[in-house]
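The values are calculated or read from the model by the stated rules, or taken from the named source; none is laboratory data. All of these numbers come straight from a predicted model, not from anything done at the bench. Every residue, glycine as well, gets a Cβ built from its backbone with ideal geometry; the counts of neighbours run over all protein chains shown. The area values use the complete protein model at the heavy-atom level, side chains included, leaving out ligands, DNA and RNA. Shrake-Rupley method; radii C 1.70, N 1.55, O 1.52, S 1.80 Å.
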Amino acid sequence: MVAVVAAAVLVVAATAWTTPAPAWSWGWLGVLAAASALHLEASQGIERTRVVAVEGRPYAHLQSIWFFAGVLLLPLPALALLIGSGFAHEWFRVFRGKVPPHRKVFSAATVVLGSWTAQLAITALHPGGSGLARLDGPGGAAALLTAGLLYWLVNYALVVGAIILSHPEQPARKALGSPSDQLAIAAACGMGWLMALAMHHQPWAAPIGLVTILALHLGLLYPQYRRAAQTDPLTELVNTRWWHDRARDHLRRALAEHTPLAVLLIDLDHFKEVNDTHGHLVGDTVLRAVADTLRRTVRGTDLVGRVGGEEFAVLLPDTTLTAAAATAERVRTAVAALAVPLDQGAEAVTGLTVSIGAGAAPDNGTTLDQLRQTTDLALYEAKEAGRNAVRLASAVVEPIVETPR
């Protein structure tokens, strides 16, 4: 982190020494800084929610709209001031000073280096003219695309590297973040180019662009709210409420269309012993490993959810009880073969088993509550049989009233 910050400082200092900023650049700096501040003030509540949602992953900083506009309008020393002021404002207003300041300094330095490489690309690929004039014609479009790619890649690579080094305990793939967030950065660069054009050629249109950006920013949060509402944070399977809602919908459709539908209820055997022997952190690792195994073992169209502490449920559309029994046996075998690696020097957790109950509609229930109850009885029989077993539901229990939604 120190090396990245030092590199950014040296690049800005060298650029300021060799190519002083012209007087007109300070006017553009003021306009972009004001737009960035208004954007952040209007969206600080949204950003606070987004920051929580991406903890431990790269944060798609949508102030990149204004930073990338600065790449096209400002020399690097003025752009570094814009980036620094933007991150300082964010630290006070979004993070409220609760995040160690060196993290924000590092993030700002990665954006400065990304911006510098973007400006170098524009100069190298389309040197004719100055400022936005460089981006005229097909050559300018190629230079713009290359600049946007380098702006993203340098920043992203440095941030991901820092996350991996500072969180060695988490899977490296988590540090890569969500593809949708990286797409948001691409959109931010595109909006930055449009805002730069508007501010350069038709400054009166800039407020319209700011309102449009705020509307898009609000829309960005909706998918994250949706994912948070349906996902179990530990296993990243769907949570119990989402699973039950979708299962009810599928069951109604299956009964109406006279198609088969099955359910598996899966309980991890002797899970308390894992927690007592290895600790709850290892227990969490085991639950994630079992969840990943379930995802890999069933079909992509099947819905896997965590419906209790160590209990999972699988919805199997278009599946008979016989086919569900075969799937349950594959799951049982796959979990029994698991060896969950722990820290270096510690033995892997092995000997995991699951008990599984399987039921199908309509024979084992015509409502989800009925189907769950008969399948739960089958799960209980599997446990009574010594665990590490699969049992099938045999009948419909007494009619019960479906729990109101």
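Selection within segment 265-287: residues that are in contact with a Ser or Thr (Cβ under 7 Å, 6 or more places away or on another chain) and in a strand (DSSP E or B). The member of this set that is most open to solvent (accessible area, probe 1.4 Å) is Asp267. One residue alone among Val154, Val160 is of a type in the set (Val, Ile, Thr) and over 17 Å from the mean Cα position of the chain (by Cα), and that residue is Val154.
Against the definition (small (Gly, Ala, Ser), open to solvent by 30 Å² or more (accessible area, probe 1.4 Å) and at pLDDT 85 or above), how does Ala147 come out, yes or no? Considered against the rule, which asks whether it is small (Gly, Ala, Ser), open to solvent by 30 Å² or more (accessible area, probe 1.4 Å) and at pLDDT 85 or above, Ala147 comes out as no.
Does Arg306 meet the test of being within 24 Å of Ala339 (Cβ to Cβ), buried (at least 19 other Cβ atoms within 10 Å of the Cβ) and not β-branched (Val, Ile, Thr)? For Arg306, the condition - within 24 Å of Ala339 (Cβ to Cβ), buried (at least 19 other Cβ atoms within 10 Å of the Cβ) and not β-branched (Val, Ile, Thr) - is met.
Here Leu315, Leu338 are screened, and the one residue that is part of a strand (DSSP E or B) and in contact with a helix residue (DSSP H, G or I) (Cβ under 7 Å, 6 or more places away or on another chain) is Leu315. Within segment 324-356, the set of residues being of a type outside the set (Ser, Thr, Tyr) and open to solvent by less than 40 Å² (accessible area, probe 1.4 Å) comprises Ala324, Ala325, Ala328, Val331, Ala334, Val335, Leu338, Val340, Val349, Leu352, Val354, Ile356.
Can Val307 be described as in contact with a Phe, Trp or Tyr (Cβ under 9 Å, 6 or more places away or on another chain) and either of a type outside the set (Lys, Arg) or more than 17 Å from Arg387 (Cα to Cα) (or both)? Judged against the criteria, Val307 is a match. Within segment 272-328, being basic (Lys, Arg) and within 20 Å of Pro233 (Cβ to Cβ) holds for Arg288, Arg295, Arg306. Screening Ile208, Ile213 for residues that are over 28 Å from Lys104 (Cα atoms) and either in a loop (DSSP other than H, G, I, E, B) or modelled with pLDDT under 80 (or both) leaves exactly one candidate, Ile208. Taking residues in segment 1-28 that are open to solvent by 60 Å² or more (accessible area, probe 1.4 Å), and partners anywhere that are modelled with pLDDT of 85 or more and not small (Gly, Ala, Ser), the pairs with Cβ atoms closer than 7 Å and at least 6 places apart or on different chains are Met1/His102; Met1/Phe106; Thr19/Pro75.
Of all residue pairs spaced 6 or more apart or on separate chains, those with beta-carbon atoms under 6 Å, a first member in segment 364-387 that is over 17 Å from Glu329 (Cα atoms) and a second member that is in a helix (DSSP H, G or I) are Asn364/Leu371; Asn364/Thr374; Gly365/Leu371; Gly365/Thr374; Leu368/Ala247; Leu368/Arg248; Leu368/Leu251. For segment 71-80, the criterion of being modelled with pLDDT of 90 or more, among the small types (Gly, Ala, Ser) and crowded, with 19+ Cβ neighbours inside 10 Å is satisfied by at least one residue. Within segment 293-312, being in a loop (DSSP other than H, G, I, E, B) and among the aliphatic types (A, V, I, L, M) holds for Val298, Val307. With respect to the conditions (1) at pLDDT 80 or above; (2) hydrophobic (A, V, I, L, M, F, W, C); (3) closer than 25 Å to Ala184 by Cβ; (4) in contact with a Phe, Trp or Tyr (Cβ under 9 Å, 6 or more places away or on another chain), Val51 falls short on a single one, namely (1). Against the criterion of being open to solvent by less than 10 Å² (accessible area, probe 1.4 Å) and either in a helix (DSSP H, G or I) or over 16 Å from Arg332 (Cα atoms) (or both), Val290 qualifies. Looking only at residues in segment 216-233 that are among the aliphatic types (A, V, I, L, M) and over 26 Å from Leu281 (Cα atoms), the one that is modelled with the lowest pLDDT is Leu221.
For segment 104-111, indicate whether the set of residues that are at pLDDT 90 or above and closer than 22 Å to Pro207 by Cβ is non-empty. Looking through segment 104-111, none of the residues is at pLDDT 90 or above and closer than 22 Å to Pro207 by Cβ. Considering segment 150-185, the residues that are surrounded by 14 or more Cβ atoms within 10 Å (Cβ to Cβ) and in a loop (DSSP other than H, G, I, E, B) include one that is modelled with the highest pLDDT, namely Leu176. Ser115 passes every criterion in (1) in contact with an Asp or Glu (Cβ under 9 Å, 6 or more places away or on another chain); (2) at pLDDT 75 or above; (3) closer than 24 Å to Trp24 by Cβ apart from (1). Cβ-Cβ contacts under 6 Å between residues 6 or more apart (or on different chains), taken from a first residue in segment 234-256 that is at pLDDT below 90 to a second residue that is open to solvent by 70 Å² or more (accessible area, probe 1.4 Å), are listed as Thr235/Arg288.
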